[in-house]
Structure formats: structure tokens, C-alpha cells
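Right, one structure below, let's go through it.
The values are calculated or read from the model by the stated rules, or taken from the named source; none is laboratory data. No experiment lies behind these values; they were computed from the predicted model shown. Every residue, glycine as well, gets a Cβ built from its backbone with ideal geometry; the counts of neighbours run over all protein chains shown. For the accessible areas, the whole protein counts, side chains as well, though only heavy atoms, and no ligand, DNA or RNA atoms are used. Shrake-Rupley method; radii C 1.70, N 1.55, O 1.52, S 1.80 Å.
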Amino acid sequence: MDTVEQANSQTAAICAVAELGPDAMALLLPDQKPPDFVAALVDQQLYPDAVRFLAHALPKREAVWWGWISARRAAGEHPPPKIKAALEATERWIAQPTEENRRAAHAAAEHAQFGTAAGCAGLGAFFSSGSLAPPEAPVVPPGDYLTAKAISGAVNFAAMGGEPREAPEKFRSFIAQGVDVARRIKLWEGK
């Protein structure tokens, strides 16, 4: 398989699981590389679709970092205590992805509420591995794409929170950060 076919296969495979809208899917070209597809989505102001694509493309830990940094930036310098606690718990999991930190991120996220960027970031950490059941119960593994869905929520909530007219610029900034993460980890190098 040549590089173009590989890139197209990767872009199409991510699209298949990211549940993009019809306008986004109409932009997918036969030889399109993932970063070019993200750029096309941003050019067309299909920001939530670009977020979903990136969240599904990134490895789980990097995706959680992206959701966390977006949520942290959106929370400002003095977030409410529940939001601050969720951000801190998620940051601990990012630094040390242990089972204890994963469950602590979930508890703090639940307290912050899952309808917040910080809550979704913590939920993404919880969905990254382990079991969804309590520790004493039989293992219930999380679905493959639950982290990506939670991180999509984190970044979308972070961009849409606050002043509505600022949302497009926040989306562009957060998406650029996600693309930078992909570039730094060489996610699409040679593709």
C-alpha cells in the first residue's frame, strides 16, 4: 500500500468512527491526508466535526491531555472549586495514569458535572482503560471510542462556553492545539 492509499485509509477509518456530519463527509477526498482533512473542516467552519475527528485520531492519553488543556484554558484563572478539582484530578491522571488516579478523575468529573468541559475531560480519563464497574464488581471494559466522545465534549464545551461570538476563535485555537499534539507525537508522519 503506498503512502497516499495509507493516508486515505487512515482518514476514512477515523471518519467512519467519529460520526461526522454529512457536510464534513462531503469534504473527504480520495487522497486526503488527515491534517489536510482537518484543515478543510476548519476552512468550512465545521469546528465540532474537526474536534470529533481529532479526538478519535489521537491516542487516549494525548486526547485526554488535549481535552484537559482546552478545559483549563476555558475555565480561566479562578475556576469554581468543582471545576478546579476536576481539572486537578485529570491532570494527576495525565501525569500518572494509574487506576487510583483514573477513578479519582471520574469522581471529580462527576462532581463537576459531565456537562462541563472539565467534567468531560475527567470522564475521558476514566473511559481510557480499566473497568466502568465499581472495583469490587466484575470488569466492564469501556467501549473503544468512549474516551474520544468524552474529549469531543470537553473541547466543544470549552469552545462554546462563555461569549458566543468568541466561539469560532476558541475552536480554531483548540483545534490548532490538537493538530500540534498529533504533529508532536508524529501521528501522521509519512502519511
Inset, instruction - Please report, as a whole percent, how much of the solvent-accessible surface of region 89-191 comes from carbon and sulfur atoms (probe radius 1.4 Å). - result: 57
Legend entry - Estimated inter-spin distance, R165 and D144, nm [label 7 Å along Cα→Cβ]: 4.4
Legend entry - Per-residue ³J(HN,Hα) for region 31-46, Karplus 6.51 cos²θ - 1.76 cosθ + 1.60, θ = phi - 60°, Hz, x for Gly and Pro: 10, 7, 7, x, x, 5, 5, 4, 4, 5, 4, 5, 4, 8, 6, 8
Inset, instruction - Once you've got the GNM for the chain with C-alpha springs shorter than 10 Å, pick whichever of G76, G153, G122 has the biggest mean-square fluctuation. - result: G76
Legend entry - Estimated vicinal HN-Hα couplings, Hz - region 157-163 in sequence order (Karplus 6.51, -1.76, 1.60; Gly, Pro = x): 4, 4, 6, 8, x, x, 6
Legend entry - Solvent-accessible heavy-atom area per residue, rounded to whole Å², over the chain at 1.4 Å: 50
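Any idea what the dipole of region 3-124 comes to, in debye rounded to 20, about its Cα centre with Lys/Arg Cβ at +1 and Asp/Glu Cβ at -1?
Working: 11 positive and 14 negative charges, 104 e Å.
The calculation lands at about 500 debye.
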Inset, instruction - With springs only between Cα atoms under 10 Å apart, run a GNM on the chain and tell me which of L146, L27, L123 wobbles the most. - result: L27
Inset, instruction - Rounding to the nearest 20 debye, state how big the charge dipole of region 49-191 is about its Cα centre with +1 on each Lys and Arg Cβ and -1 on each Asp and Glu Cβ. - result: 300
Inset, instruction - Would you kindly state the longest site-free stretch of the chain, with sites defined as GluC sites (Glu not before Pro) in a DSSP loop (not H, G, I, E, B) surrounded by at most 12 other Cβ atoms within 10 Å? - result: 1-76
Inset, instruction - Determine how large the accessible area of V179 is when every protein chain is in place; take a 1.4 Å probe and give Å² rounded to the nearest 10. - result: 50
Legend entry - Cα principal axis extents for the chain, largest first, Å: 47, 43, 28
Inset, instruction - With springs only between Cα atoms under 10 Å apart, run a GNM on the chain and tell me which of Q44, Q32, Q177 wobbles the most. - result: Q44
Inset, instruction - Take every Cα pair under 8 Å in the chain that's 6+ residues apart, average their separations, divide by the length, and report that relative contact order as a whole percent. - result: 24
Inset, instruction - Based on alpha-carbon positions alone, could you give the equivalent ellipsoid semi-axes of region 37-148 from the gyration tensor, as √(5λ), descending, whole Å? - result: 24, 18, 11
Inset, instruction - Give, in whole angstrom and from largest to smallest, the semi-axes √(5λ) of the equivalent ellipsoid of region 76-117, with λ running over the eigenvalues of the Cα gyration tensor. - result: 18, 11, 7
